[in-house]
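One structure below.
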Amino acid sequence: MHTAIHTLDLVRRRHVIGLLVSACMVLFSGFPGPAHAAERQVLSGHVPAALSRSQPLERLSASKRLDLAIALPLRNRQALSNLLQQIYDPASPNYRQYLTPEQFAKQFGPTEEDYQTVVAFAKSNGLTVMGTHPNRTLVDVTGSVPEIEKAFHLNMRVYRHPTESRNFYAPDVEPSFNLAVPVLAIGGLDDFVLPRPIGLRTNSFNRTPTLNARARASGSGPRGKFIGKDFRASYAPDVSLDGSGQSVGLFELDGYYPGDIAEYQRLAGLSAVTLTNVWLNGFTGKPGVKNVEVALDIDMVISMAPRLSKVIVYAGWVANDVLNRMATDNSARQLSSSWGFGPQVDPAREQIFLQFAAQGQSFFQASGDWGAWAGAISPPSDDPFVTVVGGTSLTTSNPGGSWLSETTWFGSGGGISTAYEIPVWQRGVKMSANQGSTSMRNIPDVACLADDVIWLVANNGEQGVVGGTSAAAPLWAGFTALVNQQAAACGRPSVGFINPLIYAIGQGSSQKIAFHDIMTGNNTNSTSPDKFFAVSGYDLCTGWGTPTGSHLINALLAPPDALRITPESVLTFSGPAGGPFKPGAHDYSLTNDGTASLNWMLVSSAPWLKLSPTSGTLTPGGPAATLKVAPTGLGRDLPVGSYTATVWFTNLNDGFGQSRRIILDVFAPPFITSQPASQAALEGMTATFTVETAANASLSYQWRHDNGVSLTNLSDGGNVFGSATSTLTVSAVSPANVGAYSVIVSNTAGVAVSSEAFLTIVPWRPVITAQPASHAALPGETVRLTVAVAGSRPLFYQWRKNRSSLTDNGNLSGAATRTLTITSVSSANAGAYSVVVNNALGVATSSKAVLSVASVTAPGVTMTSMYSFAGGADGGNPNGLVQGGNGILYGTTQNGGRTLAGTIFQMASEGLLTSLYSFSGAGDGASPYAALAQGPDGLLYGSTVQGGASDNGTIFRTTVQGALTTLISFDFAKGTLPYAALTLGADGHFYGTSYQGGAHGRGTVFRISTNEMSTNGALTSLYSFSNGNDGGHAAASLVQGRSGNFYGTAYKGGIHGYGTVFSIATNEVLATLVSFNSTNGAFPFGGLIEGDDGNLYGATANGGSHDAGSVFKISPTGLLTNLYFFTGGGDGANPRATLLHAADGNFY
């Protein structure tokens, strides 16, 4: 909806590094300049084009409130363009020298004065400011429709959507307002485009009998689908890198169920990765219908990089707020989005992508799941500042095996942008065979698996198959974490925005080994029947292809091209206005460090610069080519200032481009326009001095300090920073810093000396500038409590606990310093800590910092580990134990064993473990998730959730010696994913539940009739859940009551959708006894147990007064009584197991 951005065509040739120069320059050229107080600003791009063909249905309700994001433009736009060029130019001294968020805000963010002016404007117009941002580019406001209409001089109307079955709201005219500060855009004025997952296919998820099939998938997960380590086996098979030390940030517009992630990790055999949630715009994290997207993003990232330091989930309602927080946090070097959102071109969004690039953050965006784009591409999937990821169909050599082949996935989004011109790094790609454009941006850039053959846990415990480029984008983010882990290990910076490198590799000699080149298949569809088809090299189906592990990692971290240009430093000409400029000329030397002859060429866009020669041939080890550089006569006509030219050298053999910067400084004597101001500060605080000058070039700054005895030139170090810049910062000021400060500003034309600015220290009592923070610790950890204080020295500290003064002893040290250290904390150290700070002028007492120490056992309880599973032949992830009639304990493990498909074991009382059986993963089953049950025949009975004839799980019987017989192979109609242990009924038959499958796909209750003289059992389906009022997805075992009926819990469904308690008779009649409503509990994952009083007892994982779970009692007739609501504090939260009724009468 906003005006298209056009990439400036400086040089129409094969440049692979230059996007950020040309694109940034043109991007910024569309930004507003300074506004004037008397002028009304009129913005553009906020009225959807569809309004020209629509009539309003009505006014938007005056009671509706809208959340808006007012965007301010960045400052110093040309400087940002130049800096980005240097950051991504391998020849620049600033190559990969990224900015911090603080540096970015200081150099390019709007001024604090302008920012506060916009804040004041919003408040004065009745809008409520809901949030501000440290880079000062966005102001979050909310207001009623009348308030917004008045503030921005427009009317909010409701229209019928031209392509979707809904109405939308939008302004009838562009917003306008009287404000001296320029505004870039206002987000949130319409909902013409609703945010949605752009690449997520869930039509196979948990619903359809095709789950039985193994066709088209060769993964190691259920039904042969891909899961966990399969992705590394295909895309990083030869690396030990695992993401250690790296973080991945995920852009999300919905929440997720933590239990789903934990279950996926358990199912896939992955270690737990820390999940950090950053909720914005009042979002609470409550999962909605799109939680499948969030779960998929998390699971793909941790599958590719299983030892990440953390995955940061950023989620909110306002897309640009979420993106901007990812930038200002700068906590993750690799970022991923699988959502479509916002207008076609959004300058506010572009600024955030530029900050990602400046900070060295890689951003991956799904390309979509509808195949070829025939028209406009869903934003932001054609943005030139992101890496767009398409999709493939993957075949591996065997489950968990290596990459065998890939073809284009039919849904892989690919196409030609209608909004963005072709970026520089894409111009050298041959587009004749792939039907791409030589003038507009082409997508995707790369690809990964997207076929709907990926196993997932989502929707609060449901399992099934998904697909889409929603999986491909986070897989690339995870892969980039491996790249950046390797970079860190080698002492190198992160790779940052990778598109220039990706296209350089693709056009170079390493393309065939760096990528799986996908050369088969197409993504044509009814709207694009003739486009696009996979070809060798780059295409609009899968870009350059998929990763090849170490080959691509090494290529991304490889040294520069064979064409070497010296010097690498910036060349400078300088002189007064009108000339002459010195030196008269500079030389570049070009050599060939490769093994074959190469042809080169160069181009410069600066009219004031002359270069000769502009092309040539270099032989390996041959003589260097000398290139002369000199200013032309046009330089003499330039006004005072600094001018930068970029000279592009291209190796024509591989298309790799390098740049060099040349500066022409046209100077005049320095002139100070604003003198530094004197400061009075408390001792320990920060003081800053700033000088401003008229426009000039080649200025040098030297700050000086006169302490009354001597005048000293300052240098950076200690508490002094910026001694050679226009702003001097003195932190933690002390009496040694008192005195007069001045600065010498100089260049070749002259010198200017500022007036003196005096720093004085105000004598004052202690002022606490940073309070000690509370901590929650586990026993054995080290905790440090620190306070920051300003005020006259000396300062005297006295730490206290619960108002009692502390001394250094035992595990305490630093009781009389600003930092108190407690080593090996225990429950005895828990309490409220504060510090009293004195000086000669007064006293200050900090706020209390509470140290809580979690107890791992109850008083008087000792825990003894009998056996630690190694995950090898002995098994891994054990389930519950059952004691056989012979007194020996028996159990199962979910994985491990000879084929990693789980085991059956016995355990002696002294901890000696004996493996009785290793599942093969074939007809005998795989992955038992429940404890065993002993039958009246003395044999042990159990279930597996995978394997069997249809790979839907099995029921088995085994002797205590480990002779196993498969009794039942589940298919989808009988049930699938039998998580729960079997229950032996009074009639001698076993009863059980399946989590999914059955007539409606929502799970079943079944009976197994066994005959000790036969080898087979007979399964009878007693009930198929519908996930309606009857419930759905039973995860726990049944219990037989005194009435003879069986009782159980359904994790989901019921009248309110929060699960049920049911009873079922042996004649297959099911009755719903309770439908949980969240207030009385939600999502009962564990089963029931019958008490001595004949009532049933159980727990819910969620719901209750704190949404942390509940304990309940229910009568056989369905009368429910809540016994306890968990708070989520020291009492715990989210119980998921069946209660245990102990001999003391209590439940545990």
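Laboratory data are not the source of any read-out in this text; all were calculated from the coordinates shown. Quantities reported herein were computed from a predicted structural model and do not represent experimental measurements. For neighbour counting, all protein chains shown are included, and Cβ atoms are generated from backbone atoms with ideal geometry for every residue, glycine included.
For region 739-806, applying the loop criterion from DSSP together with a ceiling of 14 other beta carbons within 10 Å to the chymotrypsin sites (Phe, Trp or Tyr not before Pro) yields no site. Other residues within the sphere of radius under 14 Å centred on the Cβ of Leu1073, judged by their own Cβ, net out at -1 (K and R +1, D and E -1).
Subtracting the Cα-Cα distance of Ser63 and Val289 from their residue separation scaled by 0.36 nm leaves 78.7 nm. Which is the longest run of the chain containing none of the GluC sites (Glu not before Pro) found in DSSP loop states (not H, G, I, E, B) with at most 12 other C-beta atoms within 10 Å? For GluC sites (Glu not before Pro) (loop position, at most 12 other Cβ atoms within 10 Å), the longest site-free span of the chain is 165-909.
As a ratio to 2.2 N^0.38 Å, the alpha-carbon radius of gyration for region 355-470 is 1.20. Both radii were evaluated on the Cα set of region 763-877; the Rg over Rh quotient, with Rh as the Kirkwood radius, amounts to 1.21.
What's the angle, to the nearest 10 degrees (0 to 90), between helix 112-124's Cα axis and the longest principal axis of the chain? The helix 112-124 is inclined about 60 degrees to the chain.
Only Cα pairs under 8 Å and at least 6 apart count here; give the relative contact order of region 865-912 as a rounded whole percent.
Relative contact order of region 865-912: 35 percent.
Length, then width, then depth: along the principal axes, the Cα atoms of region 468-576 run 64, 38, 27 Å. Normalising the Debye intensity of region 929-1125 to I(0), with uniform scatterers on Cα atoms only, and taking log10 at q = 0.13, 0.14, 0.16, 0.19 Å⁻¹ returns -0.65, -0.74, -0.95, -1.25.
Near the amide H of Phe573, within less than 5 Å, lie the amide hydrogens of Ile663, Leu664, Asp665, all on another chain or at least 5 residues away, with H placed in the peptide plane. When the Cα centres of region 39-54 and region 628-674 are compared, how far apart do they sit, in Å? So the separation of the two Cα centres works out to 40 Å. Computed over region 776-822, the P(r) tail beyond 17 angstrom holds 38 percent of alpha carbon pairs.
For region 1095-1148 versus region 462-496, the inter-centroid distance based on Cα atoms is 41 Å. Helix 469-489 axis versus longest C-alpha principal axis of the chain: approximately 60°, rounded to the nearest ten. Taking amide H as placed 1.01 Å from N in the peptide plane, the amide H of Arg427 sits under 5 Å from that of His15, each at least 5 places away or on another chain.
Using the Kirkwood formula on the Cα atoms of the chain, what hydrodynamic radius do you get, in angstrom to one decimal? Before the final figure, lay out the partial values.
Values: mean 1/r = 0.0296 Å⁻¹.
Hydrodynamic radius (Kirkwood, Cα only) of the chain equals 33.7 Å.
Once the mean of 1/r is taken over each pair of separate Cα atoms and inverted, region 672-762 shows a Kirkwood hydrodynamic radius of 13.2 Å. Within the shell defined by Cβ-Cβ distances under 13 Å, the residues around Val495 carry a net charge of +3, with Lys and Arg each +1 and Asp and Glu each -1.
Taking a straight line from the alpha carbon of Lys610, these lysines sit under 17 Å away, with near neighbours fewer than eight places off in the same chain left out: Lys582, Lys628.
With contacts defined as alpha carbon pairs under 8 Å and 6 or more residues apart, what's the relative contact order of the chain in percent? Numbers along the way, then the final one.
On the way: 3174 pairs, mean separation 75.4, N = 1148.
Computed over the chain, the figure is 7 percent.
Note on region 563-667: Cα convex hull, mean projected area over all directions, 6.1 nm².
Computed 3J(HN,Hα) for region 759-772, one whole-Hz value per residue from the Karplus formula 6.51 cos²θ - 1.76 cosθ + 1.60 where θ = phi - 60°, is 9, 10, 9, 8, x, 7, 5, x, 10, 7, 9, 8, 7, x, glycine and proline marked x. In region 1025-1148, the C-alpha radius of gyration followed by the widest Cα-Cα span (Dmax) gives 13.3, 45 angstrom.
Return one number: the angle in degrees, 0 to 90 and rounded to the nearest 10, between the long axis of the Cα atoms of helix 319-329 and the longest principal axis of the Cα atoms of the chain. Around 70 degrees separate the two axes.
Across region 657-756, the relative contact order, built from alpha-carbon pairs under 8 Å that are at least six residues apart, equals 34 percent.
Of all alpha-carbon pairs in region 876-966, indicate the percentage at a distance above 15 angstrom. Don't skip to the answer; put the middle values down first.
Numbers: 2111 of 4095 pairs.
It works out to 52 percent of all Cα pairs.
Comparing region 317-389 with the 2.2 N^0.38 Å rule of thumb, its C-alpha radius of gyration ratio is 1.07 (two decimals).
Rg over Rh for region 720-808 works out to 1.19, using Cα positions for both radii and the Kirkwood form for Rh.
Give me the distance between the Cα centres of region 705-723 and region 898-947, rounded to whole Å. Comparing the Cα centres of region 705-723 and region 898-947, I get a distance of 74 Å. Note on region 68-177: percent of Cα-Cα distances in each 5 Å bin, starting at 0 and stopping at the bin with the largest distance, equals 2, 10, 15, 15, 13, 12, 10, 9, 8, 4, 2, 0. Note down the net charge around Lys106, summing +1 for each Lys or Arg and -1 for each Asp or Glu among other residues with Cβ under 12 Å from its Cβ. Net local charge, Lys106 excluded: 0.
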